[in-house]
Amino acid sequence: MLGEYPISGRRAAEISASVERAVADGGLEPGQLLPPMRELAQRLGVNPNTVAAAYRTLRERGVIETAGRRGSRVRPKPATTAREHIRVDVPAGVRDVSAGNPDVALLPSLVGAFTAAAAVADAEPVLYGADSLEPGLVRQARAAFDADGVPDGPVVVASGSLDAIERVLAVHLKAGDAVAVEDPGWGSMLDLVPALGLRIVPVGVDDDGPLPDDVARALEAGARALVVTDRAQNPTGAAVSGARAEALRTLLGAHPEVLLIEDDHGHGIVDLPLHPLAGVTHHWAFVRSVAKAYGPDLRLAVLTGDAATVDRVRGRQRLGPGWVSRITQRAVAGLWAGGAVDARVVAASYGRRRDALVAALAERGVVAHGRSGMNVWVPVPDETGAVARLLHAGWAVAPGARFRMNAGPGVRITVSGLEVGEVGGVADAVADAVRLAPVRNYA
């Protein structure tokens, strides 16, 4: 051990591994200055070139950053990123089709479910030391997973999809590890990965899901995890097809050490079949939230996975929030049992509006994507100009920069606040905004 720095080793690989362990364990904090290479080499009794090679490896893995004469520091873990602020202020009189919210008319009433759940809580209060899981919710979640072909595994409940995904990443990966993420993809995911001190490897997407060639390159380059949205992908509406699932399972089978995370937030609002990928890697997690079908404020997602992953997540959860409210769990179980949402009806409602918009744009020479869910992705040649012109025309759309890294520019339009009769007006405004310019494939 090196004085105030928990760094040891004689070879470059040993030194870099020592630093990574210290970062993961908290011995080296984000932003902490590392010793100069020559000083560290002298104190460890090794050649300066050895330390230089170790620092180079740490930089490549995203663990440290070097600023010339100011030295090398442990890479900060930002709580937020600039991406979070890429939004459009919606002036009075402008229609907002940017927010990504569900149609409130399609959300069920929560009064009965919570009244019943609260009555049970009054009779049998949940106290410290009680089971953190509502048995009825777990049974229903597991039965639904079984029906959809998701491999057998224990169930845990988290506070929404992002909470579940963060916990899975945190219990498996360490600072600097690479995570393959869809591009364009969920903006919050693109924020979360660097906030955890991890590196993003962008993977292109088409209407059938992540592109196999991009996934293959990411895995061969050493990505430690892959995150896939099964249906209603945000922002493109992609849904993993049977053929694409087979191709991705084959790729993952050659990399069984990779952590696979699947996000099925579209459950309850889509009528396309699920084609899960889980079962070919040692560690996997499948997440299903109720935000889009029952309302974002419920803050509940069920997660299943391999036994080790779920056990780690539950253990870490106990040291933080402890558990997700059993009253909320019981209410959701009641909503599920009572068939509060008919996925076919909801999917058809979103589908009519989404398909009408895609078709209307095609008639005007504008390519758009939206196979499932509530969003339509429109590639544009000039993103900033398109957003500004649409705002001037009375429509606030979401800038594509919020959702992309290497993918081409685009805008996201949420159809949940539209009526079919309004689609023509939106399509006219979009066509005018992009000036019918040729666009490149978003993949």
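Coordinate-derived values only; no laboratory data. What you are looking at is a predicted structure, and each value in this text was computed from that prediction instead of being measured. Note: ideal-geometry Cβ built from the backbone for every residue, glycine included; neighbour counts use all protein chains shown.
Calculate the spin-label point distance for D213 paired with N101, positioning each point 7 Å from the Cα along the beta-carbon direction, and give it in nanometres.
Label-label distance for N101 and D213, simple model: 4.1 nm.
Which of the peptides 87-95, 224-232 is most tightly packed, and how do the rest follow, judged by the mean count of other Cβ atoms within 10 Å per residue?
Working: 87-95: 12.3, 224-232: 26.1.
Answer by packing, highest mean first, reads 224-232, 87-95.
Hey, what D do you get for segment 111-337 in µm²/s if you plug the Kirkwood alpha-carbon radius into Stokes-Einstein at 20 °C and 1.002 mPa s?
In µm²/s, the coefficient rounds to 120.
Pull up the DSSP beta bridges for the chain and report the antiparallel fraction as a percent, rounded to 5. Intermediate values should be presented prior to the final figure.
Numbers: 24 of 43 bridges.
Percent antiparallel among DSSP bridges in the chain is about 55.
Could you tell me how many degrees, from 0 to 90 and to the nearest 10, lie between the Cα long axis of helix 383-392 and the main elongation axis, the longest principal axis, of the Cα atoms of the chain?
Helix 383-392 and the main axis of the chain meet at about 40 degrees.
Among all stretches of the chain without exposed GluC sites (Glu not before Pro) (DSSP loop, at most 15 other Cβ atoms within 10 Å), which one is longest? Could you put the intermediate results ahead of the total?
Numbers: sites that count: E4, E257, E419.
It runs 5-256.
Taking the Cβ-Cβ separation of A343 and A118 as r and a Förster radius of 25 Å, what is the calculated FRET efficiency to the nearest 0.05? Mind showing how you got there, number by number?
Working: r = 27 Å, r/R0 = 1.07.
For A343 and A118, the calculated efficiency is 0.40.
Taking only C-alpha pairs under 8 Å that are 6+ residues apart, what is the relative contact order of the chain in percent?
19 percent
Can you give the three extents of the C-alpha atoms in segment 12-74 along their principal axes, from longest to shortest, in whole Å?
In descending order, the Cα extents are 26, 25, 20 Å.
Given 0.36 nm per residue, what is the gain on full extension from E29 to M405 after removing their alpha carbon distance, in nm?
Contour length minus the Cα-Cα distance gives 132.6 nm.
Say a paramagnetic label sat at a point 7 Å from the Cα of R10, along Cα to Cβ; which residues of segment 43-71 have their backbone N under 16 Å from it?
So the set is 43-48, 50-51.
Net charge near G268: determine it from the other residues with C-beta under 15 Å of the C-beta of G268, scoring Lys and Arg +1 and Asp and Glu -1.
Numbers: positive: R231, R288, K292, R344; negative: D103, D148, D230, D263, D264, D271, D342.
Here the count lands on -3.
Restricting to DSSP H runs of at least four residues, report the calculated mean residue ellipticity at 222 nm for the chain, -39500 (n - 2.57) per run over all residues, nearest 500 deg cm²/dmol.
Counting only the DSSP helices, I get -12000 deg cm²/dmol.
Averaged across orientations, what area in nm² does the convex hull of the alpha carbons in the chain project?
23.8 nm²
Report, in degrees rounded to the nearest 10, the 0 to 90 angle that the Cα long axis of helix 161-172 makes with the longest principal axis of the chain.
Between the helix axis and the principal axis of the chain, the angle is about 20 degrees.
Going by alpha carbons, how many degrees (0 to 90, nearest 10) lie between the helix axis of 242-253 and the longest principal axis of the chain?
So the helix axis and the longest Cα principal axis differ by about 10 degrees.
What net charge is computed for the residues neighbouring L137, neighbours being all others with C-beta under 11 Å from the C-beta of L137, Lys and Arg scored +1, Asp and Glu -1?
Neighbour charge sum, excluding L137 itself: +3.
For R435 and E363 in the same chain, what is the full-extension length gain: residue separation times 0.36 nm, less their Cα-Cα distance, in nm?
24.5 nm
Using 0.36 nm times the number of residues separating Q42 and D131, minus their current alpha carbon distance, what extension gain do you get?
On the way: separation 89, 0.36 × 89 = 32.04 nm, distance 5.43 nm.
Roughly 26.6 nm would be gained on extension.
Which whole-number percent gives the relative contact order of segment 111-337, counting Cα pairs below 8 Å spaced six or more residues apart? Let's see the in-between values first.
Details: 421 pairs, mean separation 62.7, N = 227.
The value is 28 percent.
Within 10 Å, count the other beta carbons around each residue, average over each peptide in 299-311, 141-153, and list them highest first.
Highest mean packing first, the order is 299-311, 141-153.
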